[in-house]
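Here's the structure we're looking at; comments come further down.
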Amino acid sequence: MKSFDLVVVGGGPGGYVAAIRGAQLGMSVAVVEADELGGVCLNWGCIPTKALLKSAELIDKIKQADKYGITVNDYNFDLSKMVQRSRQVADNLNKGIGHLLKKNKISIIYGAAKLLGGGKLAITSATGSKSAEAKELQAKHIIIATGATPRAIPGLEPDGKFIWSARDAMTPKHMPKSLLVMGAGAIGMEFASFYNSLGVKVTVVEALNHVLPVEDEEISNFAAKAFTKRGIAIKLDTRVLKVERHKGGLKVHLNSGNSPADAHDELEVECMISAVGVLGNTHSLGLENTAIELENSFIKVDQWQATHEANVYAIGDVAGAPCLAHKASHEGMICVEKINGIDHVHPLNKDLIPGCTYGSPQVASVGLTENKALAAGHTLKVGRFPLSASGMAIASGDTEGLIKTVFDADTGELLGAHLIGADVTELIQGFVVAKNMETTEQELMDTVFAHPSISEAMHESVLDAYSRAIHI
Amino acid sequence: MPIEIKMPAISPDFDAGNISSWDIAVGEKVAKGDVLVAIETDKAVIEVEAESAGTLGQILIPAGTDDVPVHSLIGYLLIGNETIADLPSAKVSGQAAATPAVLNGNPQSSSTALVTSAPATTPTQQLSEKQPQRLFASPLARRIADQNQVDLQTLNGRGPRGRILRADVEHAMSSKVPNVALALPSTPQSSQVKHSQIRKVIAQRLVESKQNIPHFYLSLDCEIDSLKGMLKELNANAPASLNSMTGNKEATYKLTINDFLVKAVAKAMEQVPQVNSSWSDTAMLHHEDIDISVAVSTDAGLITPIVFKANTKGLVSISSEIRQLAATARKGQLQAHQYQGGGFTISNLGMYGIDNFSAIINPPQACILAVGAGKQKPVVKDGQLAVATLMNLTLSADHRVVDGAVGAQFLSVLKRFVESPAHLML
């Protein structure tokens with residue numbers, strides 16, 4: 001039986017980062033992967049969808065070429081080539097992870113791991129992947145980083161043809177004429193944006209009364225308007241009652257919260273995507289052999305990612321929301337550093353995790369929304385700066401957007417930053433660094449922002465919170 | 001070239017000190033070895049002497065400045081026939097800006113500009129004065145501290161490299177004790193006395209000790225009649241010698257119970273060596289030498305100079321050593337190596353008539369012995385009431401290092417030595 005200081009179950013963005021950090025700290029490490037290194041993020045999530053959205057962005061730009069003085073007489077696109085490029089990107093990065101693990105002398109074991117208790121794991125060959133290299137492993141520490149799977153709603157199980165999973169949606173065989181997206185969270189809105197740019201008639205239904213419901217209400221409303229303007233139909237406060245399949249597609253019965261309980265709409269679409277949350281991947285992990293406890297399918301952990309079983313930890317999606325790759329990676333590092341007794345390890349502060357939604361327009365945020373800050377008892381100073389007043393945004397022709405900052409009026413603490421517009425997913429990091437460093441409005445005001453740049457709008461938003469904005 | 005006067009590196013863990021006083025004024029002449037400036041460290045006042053004869057040319061950092069980093073330039077000594085015009089700060093004061101070379105105190109400035117302005121107003125000096133104030137705290141922590149009258153100097157930052165974060169300030173606010181006093185400076189009955197470096201360190205170490213070390217206490221009374229008899233006899237027979245200061249003939253030694261206790265404790269530690277250990281996060285540290293710290297009360301606060309290898313020394317040399325250390329400590333002139341370290345502390349409040357008390361362990365040591373006053377008390381001996389002089393010994397021990405039985409064994413060995421000092425001969 002091979003033994004390791006650390007065995008990481010799952011080679012996604014949480015698992016492989018934890019493994020590399022462990023190796024850096026001198027541990028002998030193995031990663032057990034049942035499918036592909038890089039996890040959902042790299043193979044079936046973050047990365048391939050960004051590749052597709054880049055194609056969509058280019059189509060949007062071509063449509064506006066005239067605005068920039070460029071005449072495009074005709075253009076066309078090939079969906080299969082877009083998908084091919086997206087798969088190629090994922091494939092490249094996947095190989096990259098393999099190299100990184102080898103470089104750090106980490107053993108990669110393909111197979112499904114089952115915890116046997118007492119630091120033992122049984123590895124069984126995962127169907128369709130490489131054969132298991134070891135039958136049993138012994139580990140001083142085990143990190144579970146098995147991720148999550150999209151929640152399937154009874155009666156709406158993906159069939160790959162009419163009802164798509166996210167995986168189907170990023171490898172379409174053909175262009176549907178119309179598409180229903182169920183769930184207006186980040187994943188739903190990114191697919192809605194992508195297919196809308198390709199010319200598909202897209203309808204989004206959301207049970208809550210906002211698109212991107214975790215975002216600041218003002219930003220959500222801004223986003224809803226922007227998506228509507230682009231031609232996406234958005235139905236809020238609406239639930240899918242049932243779906244009838246027929247030859248040409250789907251007949252979807254909807255129930256709107258605003259109408260009487262028995263009133264409902266019908267909608268004919270060719271395909272639909274279900275994007276209504278995820279469940280932790282904990283089945284067949286052998287948790288029954290341990291003291292590990294679950295809560296709503298996710299593994300319960302403490303602030304250092306420790307489970308109820310000694311020397312077993314869980315990180316990333318399987319350890320609960322927010323289900324974000326960067327949260328998983330960071331938890332992996334914290335967990336491994338804590339195991340190794342590194343100084344100054346701090347538990348992850350969830351108010352410091354940025355959240356990004358790609359597509360057109362992009363949305364990015366960190367910290368408390370205005371409503372949550374009020375509910376937490378803060379007295380606020382709120383700044384807003386529209387990109388329509390930014391010289392750089394005007395020059396670029398991307399003036400749709402808003403930078404909103406929320407400060408505590410007493411201490412000047414930056415409580416939250418909420419951005420919408422082109423490329424704001426890159427801007428947000430400025431606020432994340434500032435917040436992590438515990439800056440107040442004063443340091444942000446004192447910072448020199450380069451001109452011309454979109455980031456000047458960050459400065460102006462902060463100035464506006466204190467009624468000092470120059471350009472509005 | 002003027003000689004740079006720098007904040008000395010007094011000990012390896014010393015990184016900043018307070019300039020307590022300048023002993024001479026600018027323009028005053030000094031001989032080699034004369035005291036230039038007094039530096040207050042966490043435990044003592046160290047005097048910095050002139051490397052050579054000369055004239056104090058400039059004071060860059062005035063007396064009363066706190067937390068001046070080691071190696072900071074604090075002044076210049078002029079030698080030979082150098083004048084104020086030779087000071088590097090003076091040479092560049094005619095230039096537009098202070099150059100980095102000047103900030104480093106490098107006097108080899110190539111400038112030959114004529115100088116008329118007084119050195120006291122040069123930019124160099126102003127910049128140098130600001131440098132030592134650097135304290136690492138996040139902007140939010142600074143603001144919250146400011147709003148709540150929390151003194152950042154008193155906090156330990158838990159951020160990277162000790163940076164003070166908001167949580168540290170909020171922690172200090174919630175623990176209240178030190179800051180409430182600061183928050184109410186205008187109460188008519190109280191007056192503010194700024195903490196000395198020594199007071200800050202005492203406060204920090206005591207809190208650390210009580211918070212981190214699981215203390216337990218063992219207490220017993222010793223009969224010291226025969227010990228007192230022995231000391232009386234030894235002192236009575238002490239040879240006399242001429243005191244050159246007073247011209248009187250004086251006994252060469254006067255042994256006290258405390259001197260004896262240092263010896264007895266050291267001998268007891270030989271027999272129960274577990275007591276001479278320290279806890280660390282990864283391992284138990286067993287010390288070879290038996291070094292006894294003796295608590296000395298000074299105006300500035302408590303300090304614990306050390307009698308090194310006390311088990312190997314005779315009573316007379318222990319006695320004279322303690323006397324000298326205490327005198328040096330009261331003058332604030334102990335050198336770092338004289339009080340840093342030690343494996344065991346003895347604290348005696350017997351002279352104040354205290355019957356018994358429990359002392360706080362002096363980390364990283366594992367034990368401290370609290371000694372009470374010797375008093376005549378009724379005791380029962382062989383069923384008869386009798387009178388004996390009893391002295392209480394209370395041992396505070398770190399339970400991570402010393403278990404109850406080990407502590408008890410140590411104390412019983414010590415009691416045997418105290419009650420029948422002849423056992424020390426064995």
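Any read-out appearing in this document is the output of simple, stated calculations on the displayed coordinates, not a laboratory observation. What you are looking at is a predicted structure, and each value in this text was computed from that prediction instead of being measured. With ideal geometry, Cβ positions are generated from the backbone for all residues, glycine too; neighbour counts draw on all protein chains shown.
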*Considering only DSSP beta bridges whose two residues both sit in the protein assembly as shown, what percent are antiparallel, to the nearest 5?*
70
*First select every other residue whose beta carbon is under 11 angstrom from the beta carbon of residue B:379; then total the charges, Lys and Arg +1, Asp and Glu -1.*
-2
_Let me understand the range A:263-341 better: what is its radius of gyration from the alpha carbons, and its Dmax, in angstrom?_
17.3, 60
*Which links in A:327/A:350; B:254/B:309; A:2/A:120; B:263/B:309; A:54/A:81; B:263/B:331 stretch past 18 Å when you go from one Cα to the other?*
B:254/B:309; B:263/B:331
*asked:* What aspartates and glutamates does residue A:105 reach when the alpha-carbon gap must be under 15 Å and sequence neighbours fewer than 8 apart in one chain are set aside?
replied: A:5
*Calculate I(q)/I(0) for the range B:285-325 by the Debye formula, one identical point scatterer on each C-alpha and no solvent, and give its log10 at q = 0.23 Å⁻¹ to two decimals.*
-0.78
*Show the residues, 5+ positions off or on another chain, whose built amide H is closer than 5 Å to the amide H of residue A:235.*
A:204, A:205, A:206
_Kirkwood Rh over alpha-carbon pairs of the range A:361-465, then Stokes-Einstein at 25 °C and 0.890 mPa s: what D in µm² s⁻¹, rounded to an integer?_
182
*Relative contact order %, chain A, counting alpha carbon pairs below 8 Å whose residues are six or more apart*: 14
*For the range B:297-391, what relative contact order do you get, as a whole percent, if you take Cα pairs closer than 8 Å and at least 6 residues apart?*
20
*Normalised contact order of the range A:361-465, rounded percent, pairs of Cα under 8 Å and 6 or more residues apart*: 35
*Separation in nanometres of the label points that stand 7 Å from Cα toward Cβ, at residue A:73 and residue B:204*: 7.8
*residue A:268 to residue A:60: FRET efficiency via 1/(1 + (r/R0)^6), r the Cβ-Cβ distance, R0 35 Å, to the nearest 0.05?*
0.85
_Fewest-first sequence of A:464, B:86 by Cβ atoms within 10 Å of each Cβ_ = B:86, A:464
*Compute the semi-axes of the equivalent ellipsoid of the range A:60-161, taking the square root of 5 times each eigenvalue of the Cα gyration tensor, and list them largest first in whole Å.*
44, 21, 13
*Distance between Cα centroids, the range A:1-49 to the range B:370-426: provide it in whole Å.*
62
_Distance between modelled label sites at residue B:252 and residue B:412, nm, 7 Å Cα→Cβ extension_ = 4.0
*asked:* Calculate the FRET efficiency for residue B:337 and residue A:214 from the Cβ-Cβ distance with a Förster distance of 60 Å, rounded to the nearest 0.05.
replied: 0.50
*asked:* Please list log₁₀ I(q)/I(0) at q = 0.15, 0.19, 0.24, 0.28 Å⁻¹ for the range A:327-373, using the Debye equation with identical point scatterers on the alpha-carbon positions.
replied: -0.56, -0.73, -0.89, -1.01
*Whose amide H sits under 5 Å from the amide H of residue B:20, counting only residues 5 or more places off or on another chain, with H placed in the peptide plane?*
B:38, B:39, B:40, B:64
*Mind checking the full-extension length gain between residue B:158 and residue B:240? Use 0.36 nm per residue of separation minus the Cα-Cα distance, one decimal, nm.*
23.7 nm
*For B:138-146, mean number of other protein chain Cβ atoms within 10 Å*: 6
*If you count, for every residue in B:162-172, the Cβ atoms of partner chains within 10 Å of its Cβ, what is the mean?*
1
*Alpha carbon centre of the range B:278-335 versus the range B:223-242: separation in Å?*
24
*Among the aspartates and glutamates, which fall within straight-line cross-link reach of residue B:313, defined as a Cα-Cα distance under 14 Å, with same-chain neighbours fewer than 8 residues apart omitted?*
B:259, B:270, B:289, B:291, B:321
_Applying a 10 Å radius around every beta-carbon, put A:427-435, A:369-377, B:296-304 in order of their mean neighbour count, most first._
A:427-435, B:296-304, A:369-377
_As I understand it, the dipole of the protein assembly as shown uses +1 on the Cβ of Lys and Arg and -1 on the Cβ of Asp and Glu, about the Cα centre. Which of A:26, A:449, B:217 lies farthest toward its positive end?_
A:26
*Other-chain or far-sequence residues with amide H under 5 Å of residue A:148's (modelled H)*: A:281
*Rg and Dmax of the protein assembly as shown over Cα atoms: what are they, in angstrom?*
37.6, 123
*When the Karplus curve 6.51 cos²θ - 1.76 cosθ + 1.60 is applied with θ = phi - 60°, which whole-Hz ³J(HN,Hα) does each residue of the range A:407-412 get, with x for Gly and Pro?*
10, 6, 5, 7, 9, x
*How big is the antiparallel share of DSSP beta bridges in the range A:163-276, given as a percent to the nearest 5?*
50
*Rounded to a whole number of µm²/s, how large is the Stokes-Einstein D of chain A at 25 °C and 0.890 mPa s, given Rh as the Kirkwood radius over C-alpha pairs?*
102
*Would you kindly derive the ³J(HN,Hα) couplings of the range B:27-36 from the backbone phi angles with the Karplus curve 6.51 cos²θ - 1.76 cosθ + 1.60 (θ = phi - 60°), listing them in order in whole Hz, with x for Gly and Pro?*
x, 7, 8, 10, 9, 4, x, 5, 6, 8
*Sort B:7, A:175 so the one with the fewest other Cβ atoms within 10 Å of its own Cβ comes first.*
A:175, B:7
*Rounded to whole Hz and in sequence order, give me ³J(HN,Hα) for the range B:308-316 from the Karplus expression 6.51 cos²θ - 1.76 cosθ + 1.60, θ = phi - 60°, writing x for Gly and Pro.*
6, 6, 4, 5, 9, 9, x, 4, 5
*Using a Förster distance of 35 angstrom, determine the FRET efficiency expected from the C-beta separation of residue A:442 and residue A:345, and round it to 0.05.*
0.75
_Based only on other Cβ atoms within 10 Å, what is the fewest-to-most ordering of B:367, A:356?_
A:356, B:367
_Gap separating the Cα centres of the range A:408-433 and the range B:1-55, nearest whole Å_ = 50
